[in-house]
1. Do we find that Leu180 is within 19 Å of the chain's Cα centre (by Cα) and at pLDDT below 90 in this structure?
2. Taking the condition of being open to solvent by 40 Å² or more (accessible area, probe 1.4 Å) and not in a helix (DSSP H, G or I), how many residues in region 353-397 meet it?
3. Looking at the structure I just gave you, is Ala127 more than 19 Å from Ile311 (Cα to Cα), open to solvent by less than 20 Å² (accessible area, probe 1.4 Å) and modelled with pLDDT under 90?
4. Would it be correct to say that Ser248 is modelled with pLDDT under 95, polar (S, T, N, Q) and over 20 Å from Ser125 (Cα atoms)?
5. Does Pro104 satisfy the criteria of being touching a residue at least 12 places away in the same chain (Cβ under 8 Å) and out of contact with any strand residue (DSSP E or B) (no Cβ under 8 Å at 6 or more places or on another chain)?
6. Just one of Leu37, Leu70, Leu50 is open to solvent by less than 20 Å² (accessible area, probe 1.4 Å), in contact (Cβ under 8 Å) with a residue 40 or more places away in the chain and over 28 Å from Ala274 (Cβ atoms); which is it?
7. Restricting attention to region 91-112, which residues are at pLDDT 95 or above and surrounded by 22 or more Cβ atoms within 10 Å (Cβ to Cβ)?
8. Just give me the residues in region 274-303 being farther than 30 Å from Met222 by Cα, touching a helix residue (DSSP H, G or I) at 6+ places or on another chain (Cβ under 8 Å) and part of a helix (DSSP H, G or I), in sequence order.
Amino acid sequence: MIQSLAFILLLGLILAEASKRLKLPRIVGMLFTGVLLGPFVLNLLDPKILSISAELRQIALLIILIKAGLSLDLKDLKKASRPALLLSFLPASFEILGYALFAPILLKIRAIDALLMGAVLSAVSPAVVVPRMSMLMDEGYGTKKAIPQMIMAGASMDDIYVIVLFTSFLGMAMGKGVDLSKFAAIPISIVLGIAIGAVFGLVASFVFEQSFSKKHLIRNSMKALIIMALSFLLVAIEGLLKEKVAISSLIAVVTMAMTIRIKSVESVSSRLSAKFAKLWIAAEVMLFVLVGAEVDIRYTLDAGLMAVVMIFAALAFRTVGVIISTIGTGLNKKEKLFTVFSYLPKATVQAAIGSVPLAMGLESGKIILSVAALAILITAPLGATLMDLTYKKFLEK
């Protein structure tokens with residue numbers, strides 16, 4: 001496992017830097033590193049590290065969500081609440097509609113399999129989007145209209161909606177019918193995530209404040225460790241209670257970090273944010289290399305031209321959903337276009353659930369996995385590149 005970690009970090013950093021010099025996003029090099037080192041090409045990664053890949057990716061995602069929460073201003077988030085809510089389900093719904101209409105024609109699959117494919121493919125990747133929105137907030141681009149806050153909040157909730165649809169469509173494809181109670185769980189998971197995250201944030205803030213007042217100072221590095229431990233606990237609570245009540249641990253983590261920011265002295269929250277920004281340097285490499293390692297290049301090659309056409313046709317539908325979500329927000333055409341670009345990347349969710357239909361024995365499982373793998377390789381670099389190239393031109397500083 002130690003050797004695998006060395007390969008991931010060294011080659012990941014080298015190819016990320018090479019991508020940067022070629023004017024491409026760093027994640028292109030990291031994804032390519034994962035594909036290269038993964039079990040479907042050179043097979044240089046220890047099976048042990050692949051067996052805990054999902055957990056390592058989740059830890060990396062938690063780091064950037066904490067960093068983002070510590071940078072979020074509640075007033076700005078309130079401005080973006082309505083469009084953020086619409087962005088959490090409208091773009092995904094439109095993209096699923098695109099798959100439902102065209103996948104049976106282009107890919108010759110059943111209507112229910114087309115819906116299932118749409119659910120796999122329609123989730124935006126917080127791992128690609130959130131770091132960039134956090135950077136925009138730090139640099140002050142688009143913050144006057146709360147654009148990065150709006151996109152980040154919508155992307156965080158989008159995954160909950162899509163995974164609920166995925167489990168429902170998977171049940172239908174396997175002849176189990178649809179469980180409507182899962183749809184009721186969506187708002188419950190968001191509300192409970194906010195509530196529990198706020199409680200954790202208040203407790204952490206109280207502990208930090210008491211240590212400061214009694215002159216038993218807790219170092220910022222120790223505070224960062226405590227916040228990480230609380231984040232792990234929130235994820236564990238979601239797992240323990242998932243059979244009884246739905247809780248969104250990702251929203252809980254962001255809320256906890258926001259609460260700590262609100263209750264802490266500004267200098268403390270900014271220092272903590274800087275700590276997590278440093279942690280993200282290593283976590284980013286781990287995250288995207290392991291996502292790349294999940295991509296089965298054999299299925300990608302099997303997907304064919306029609307799969308590429310299908311992906312872009314569905315993205316056109318997704319674009320309509322994004323534009324409708326931003327109506328009445330006061331955003332100009334360039335700002336709306338930037339929001340469209342921000343909602344293109346696929347990566348984490350597709351790597352996590354793309355292989356499930358195949359593992360469950362569905363006849364359409366292979367084509368769903370093929371399209372999911374291809375979508376990661378196309379949309380993650382495409383969305384990241386478009387965001388990186390346009391944010392200074394399209395957003396007001």
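The values are calculated or read from the model by the stated rules, or taken from the named source; none is laboratory data. Predicted model, so just to flag it, every value in this text is computed and none were measured. Because the Cβ atoms are built from the backbone with ideal geometry, glycine has one as well, and the counts that use them run over all protein chains shown. Protein only, heavy atoms only, side chains kept; ligands, DNA and RNA dropped before computing areas. Shrake-Rupley method; radii C 1.70, N 1.55, O 1.52, S 1.80 Å.
1. On the way: within 19 Å of the chain's Cα centre (by Cα): no; at pLDDT below 90: yes.
Judged against the criteria, Leu180 is not a match.
2. Residues that pass the stated criteria total 6.
3. Working: more than 19 Å from Ile311 (Cα to Cα): yes; open to solvent by less than 20 Å² (accessible area, probe 1.4 Å): yes; modelled with pLDDT under 90: yes.
Yes; evaluated as a whole, the condition is true for this residue.
4. Details: modelled with pLDDT under 95: yes; polar (S, T, N, Q): yes; over 20 Å from Ser125 (Cα atoms): no.
The answer is no for Ser248.
5. Values: touching a residue at least 12 places away in the same chain (Cβ under 8 Å): no; out of contact with any strand residue (DSSP E or B) (no Cβ under 8 Å at 6 or more places or on another chain): yes.
Spelling it out, it is not the case that Pro104 is touching a residue at least 12 places away in the same chain (Cβ under 8 Å) and out of contact with any strand residue (DSSP E or B) (no Cβ under 8 Å at 6 or more places or on another chain).
6. Numbers: Leu70 fails: over 28 Å from Ala274 (Cβ atoms); Leu50 fails: open to solvent by less than 20 Å² (accessible area, probe 1.4 Å).
Sole residue among the options that is open to solvent by less than 20 Å² (accessible area, probe 1.4 Å), in contact (Cβ under 8 Å) with a residue 40 or more places away in the chain and over 28 Å from Ala274 (Cβ atoms): Leu37.
7. Hits for region 91-112 are Pro91, Ala92, Phe94, Glu95, Ile96, Gly98, Tyr99, Ala103.
8. Going residue by residue through region 274-303, those that are farther than 30 Å from Met222 by Cα are 292-303.
Now restrict to residues that are touching a helix residue (DSSP H, G or I) at 6+ places or on another chain (Cβ under 8 Å): 292-297, 299-300, 302-303.
Those that are farther than 30 Å from Met222 by Cα, touching a helix residue (DSSP H, G or I) at 6+ places or on another chain (Cβ under 8 Å) and part of a helix (DSSP H, G or I): Gly292, Ala293, Glu294, Ile297, Tyr299, Thr300, Asp302, Ala303.
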